[in-house]
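Read through the structure below, which is laid out as structure tokens, and then see the notes.
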Amino acid sequence: IVKGMLQHSRKNTGQKEPTDINALCDEYLRLSYHGLRAKTTSFNADFKTGFDNTIGKIDIIPQDFGRVLLNLFNNAFYAVNERYKVEGSAFKPVVSVQTKKLNHKIEIRVTDNGNGIPQNIVDKIFQPFFTTKPTGEGTGLGLSLSYDIIKAHGGEINAESKEGAGTTFLVKLMGTFK
């Protein structure tokens, strides 16, 4: 039932097209940051980029992959904001995105210095309806849908997290480069 609901919620007629993954990452990083600032005017964070300019363009469905990036960035900014609420001005929130081309793969690394995800639940975060956010703040569908979109693109996603130090999501995509 859940899988059917998820498939229905993301029906797509989007076509793969040559896309500048660096530009897409940059666009959605800024969109996410300014979206959170619009909701929480007191929020501030640094964001850093490290783009591999040798990537060129890769065949993806940009709308779908934009949804993945937006979700990863929203989660990262949420995490650093939660840590900032506890530690105050002594803590400097930072979210970064890096891209790298490795043979016929690209890696996208989204890192935050938020609270991290407890080790006992890291394996559950890609399950539908699982969320670490308080009731009313998360549906538990973001990472599940992101996982499905990345798999549909022939890729994989992993999370590495250290409690109290932050989280890194690593997306690997096989691709046709242009």
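Of all residue pairs spaced 6 or more apart or on separate chains, those with beta-carbon atoms under 8 Å, a first member in segment 34-63 that is over 15 Å from LEU102 (Cα atoms) and a second member that is surrounded by 15 or more Cβ atoms within 10 Å (Cβ to Cβ) and acidic (Asp, Glu) are THR49/ASP26. Here segment 142-178 is the region considered, the condition is being closer than 17 Å to GLY114 by Cα and among the charged types (D, E, K, R), and the residue that is nearest to the chain's Cα centre (by Cα) is GLU160. Of all the criteria given as (1) at pLDDT 95 or above; (2) under 30 Å from GLN15 (Cβ atoms), the one not satisfied by ASN74 is (1).
Here ILE125 fits the description: surrounded by 14 or more Cβ atoms within 10 Å (Cβ to Cβ) and at pLDDT below 95. Number of residues in segment 56-67 that are open to solvent by 20 Å² or more (accessible area, probe 1.4 Å), assigned to a helix (DSSP H, G or I) and out of contact with any Gly (no Cβ under 7 Å at 6 or more places or on another chain) equals 2.
Residues in segment 142-178 that are crowded, with 19+ Cβ neighbours inside 10 Å and of a type in the set (Gly, Ala, Ser): GLY142, SER144, SER146, GLY155, SER161, GLY166, GLY175.
Here VAL80 meets each of (1) open to solvent by less than 70 Å² (accessible area, probe 1.4 Å); (2) over 26 Å from ALA45 (Cα atoms); (3) not polar (S, T, N, Q) with one exception, condition (2).
Right, ASP52: surrounded by 13 or more Cβ atoms within 10 Å (Cβ to Cβ) and in contact with a His (Cβ under 8 Å, 6 or more places away or on another chain) or not? Considered against the rule, which asks whether it is surrounded by 13 or more Cβ atoms within 10 Å (Cβ to Cβ) and in contact with a His (Cβ under 8 Å, 6 or more places away or on another chain), ASP52 comes out as no.
With respect to the conditions (1) open to solvent by less than 30 Å² (accessible area, probe 1.4 Å); (2) more than 21 Å from LEU170 (Cβ to Cβ); (3) among the aliphatic types (A, V, I, L, M), ALA38 lacks only one, and its number is (1).
From the list LEU29, LEU70, LEU24, exactly one residue is closer than 21 Å to SER144 by Cα, in contact (Cβ under 8 Å) with a residue 60 or more places away in the chain and not in a loop (DSSP other than H, G, I, E, B). Which is it? Talk me through it step by step, then tell me what you get.
Numbers: LEU70 fails: in contact (Cβ under 8 Å) with a residue 60 or more places away in the chain; LEU24 fails: in contact (Cβ under 8 Å) with a residue 60 or more places away in the chain.
Every option except LEU29 fails the conditions.
The values are calculated or read from the model by the stated rules, or taken from the named source; none is laboratory data. Just so we're clear, the structure is a prediction, and the values are computed from it rather than from any experiment. Every residue, glycine as well, gets a Cβ built from its backbone with ideal geometry; the counts of neighbours run over all protein chains shown. The protein model used for the area step is the full one, side chains on, heavy atoms only, and it has no ligands, DNA or RNA in it. Shrake-Rupley method; radii C 1.70, N 1.55, O 1.52, S 1.80 Å.
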